[in-house]
Amino acid sequence: MGMAHQRSTIKVFCKNDERTLARYSWDEADNVWVRSDQHGSNDDFYLRRLDDGTMQAYPRPTLECPCGNSPVYSHDEIQAKIAEAVRNDERLMV
């Protein structure tokens, strides 16, 4: 009963200069979009308690662009933005 995803990876672009800021991939096991371009960086994580009481860590979505545009979203906000972009088959601009 999961969502049907047209694609398993989506890029996030800067709305000012259209650089790629991040890449997210769909994680079937967790049913969540995960940052796939972090190169092993784990210094800034968002922790969420799952229904069974365990803790799950997600990278905090800080998106930095050399142009100075550096939006920060909560985990739920970026998940909703990605899902909407995929649903509409659009590029995600932030």
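The values are calculated or read from the model by the stated rules, or taken from the named source; none is laboratory data. Keep in mind the model is a prediction, meaning the values are calculated, not measured. Note that each Cβ is placed from the backbone with ideal geometry, even for glycine, and that neighbours are counted across all protein chains shown. The area values use the complete protein model at the heavy-atom level, side chains included, leaving out ligands, DNA and RNA. Shrake-Rupley method; radii C 1.70, N 1.55, O 1.52, S 1.80 Å.
I'd like the full set of residues that are within 17 Å of SER36 (Cα to Cα) and of a type outside the set (D, E, K, R), limited to region 50-64. Before the answer, list the steps.
Kept after step one, since they are within 17 Å of SER36 (Cα to Cα), are these residues of region 50-64: 56-64.
Correct list: GLN56, ALA57, TYR58, PRO59, PRO61, THR62, LEU63.
Find the residue count for region 48-94, including only residues that are of a type in the set (Ser, Thr, Tyr) and either in contact with a Ser or Thr (Cβ under 8 Å, 6 or more places away or on another chain) or closer than 18 Å to TRP26 by Cβ (or both). Lay out the reasoning, then the answer.
Narrowing region 48-94 to residues of a type in the set (Ser, Thr, Tyr): 54, 58, 62, 70, 73-74.
Checking the rest, the ones that are also either in contact with a Ser or Thr (Cβ under 8 Å, 6 or more places away or on another chain) or closer than 18 Å to TRP26 by Cβ (or both) come to 58, 62, 70, 73.
The total comes to 4.
Quickly run through region 61-94 and pick out the residues that are among the hydrophobic types (A, V, I, L, M, F, W, C) and either in a helix (DSSP H, G or I) or open to solvent by 80 Å² or more (accessible area, probe 1.4 Å) (or both). Walk me through how you get there before you give the answer.
In the first step, residues of region 61-94 are kept if they are among the hydrophobic types (A, V, I, L, M, F, W, C); the result is 63, 65, 67, 72, 78, 80, 82-83, 85-86, 92-94.
Hits for region 61-94 are VAL72, ILE78, ALA80, ILE82, ALA83, ALA85, VAL86.
In region 29-60, which residue that is closer than 22 Å to VAL86 by Cβ and more than 14 Å from the chain's Cα centre (by Cα) is modelled with the highest pLDDT? Ranking the candidates gives ALA29 first. Taking each residue of region 13-30 that is under 11 Å from MET93 (Cβ atoms) and part of a loop (DSSP other than H, G, I, E, B) and looking for partners that are modelled with pLDDT of 90 or more and of a type in the set (D, E, K, R) with beta-carbon atoms closer than 9 Å, six or more apart or interchain, yields GLU18/ARG91.
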